[in-house]
Amino acid sequence: MVENKNNEQTLNNETIEESTEEAVFAEEVNPSEETEEETPVEKDELQVAQEKIQELEAKIEEMDNRYLRLQADFDNSRRRAKLDMEAAQKYRVQSIAGNLVEALDNLERATKIEADNEQTKSLLQGLEMVHKGIVDALSKEGIEPISSVGEEFDPHLHQAVMQVQDENFGSNIVVEEFQKGYLLKDRVIRPAMVKVNE
């Protein structure tokens, strides 16, 4: 009886193994049975979802571009404001410099008169000291006279009011200066009025 049970159990094990092998073989022969084809409704939903994704990606790209443009505009504005502030600081004395240059011209004319007595000489010395003080103050602020006589004519620095033919000077050389010109650092406050050799 025990032997019969063992035989039955062996037969059952062999039957289970055979049915398992058949099932594996059936899976290998028909693997497409498990995959189901998408229905038309699922295809439409998938297409709608993909279109929505593309639309959202386009919006994200547009927002990124807008952000980058705004960032660039902000950087440019900040840079311009900084340059404007630096220029305002650098050329802060320009408005008053124009008026001082006119007063300096008058002082120079006054110091060129001839002194015929001691009182006039002492007055001229005082004027020369005032002139030197103004020139020094302007120089500290970056205001310098434009050198002209013997220099080549530069339309940015000189204003030609006369032309002459002088063999002692080369062509396009400043021969004489009628009125001094002044620079504030690298900006012309007033061009020099000059006579130029042809």
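What to note about this one:
- Solvent-accessible ranking of His158, His131, largest area first, probe 1.4 Å: His131, His158
- Leu157 sits among other residues whose Cβ lies under 12 Å from its own Cβ, and their net charge, with Lys and Arg +1 and Asp and Glu -1, is -3.
- Taking θ as phi - 60° and the Karplus parameters 6.51, -1.76 and 1.60, the scalar couplings of the stretch 152-165 work out to 6, 4, 10, x, 7, 10, 10, 10, 7, 10, 8, 10, 9, 10 Hz in sequence order, x denoting glycine and proline.
- Counting only protein chain heavy atoms and rolling a 1.4 Å probe, the accessible areas of Phe169, Phe74 rank, largest first, as Phe74, Phe169.
- As a calculated quantity, the FRET efficiency between Glu57 and Lys82 at R0 = 35 Å, using C-beta atoms, amounts to about 0.40.
- Under Karplus coefficients 6.51, -1.76 and 1.60, residue-wise ³J(HN,Hα) of the stretch 175-191 in Hz, glycine/proline x: 8, 8, 10, 8, 9, 5, x, 9, 10, 9, 6, 10, 10, 7, 7, 8, x
- Amide H within-cut-off set for Asn172, under 5 Å, with H built and near neighbours excluded: Asn197, Glu198
- Residue-level accessible surface for Arg80, protein heavy atoms, 1.4 Å, Å²: 140 Å²
- For Gln179, residues with placed amide H under 5 Å, excluding near neighbours: Met193
- Kirkwood radius for the stretch 99-198, taken over all pairs of different Cα atoms as the inverse mean of 1/r, rounds to 14.9 Å.
- Exposure check, 1.4 Å probe, all protein chains in place: Val48 carries approximately 90 Å² of accessible surface.
- 3J(HN,Hα) along the stretch 125-133, derived from phi through the Karplus expression 6.51 cos²θ - 1.76 cosθ + 1.60 where θ = phi - 60°, amounts to 4, x, 5, 5, 5, 5, 4, 4, x Hz, with x in place of Gly and Pro.
- Distance between the stretch 67-98 and the stretch 143-188 - C-alpha centres, whole angstrom: 32 Å
The values are calculated or read from the model by the stated rules, or taken from the named source; none is laboratory data. Remember, predicted model here, so these are calculated numbers, not experimental data. Positions of Cβ are generated from backbone atoms using ideal geometry, with glycine treated the same way; all protein chains shown enter the neighbour counts. Ligands, DNA and RNA are excluded from the accessible area calculation, which covers all protein heavy atoms including side chains. Shrake-Rupley method; radii C 1.70, N 1.55, O 1.52, S 1.80 Å.
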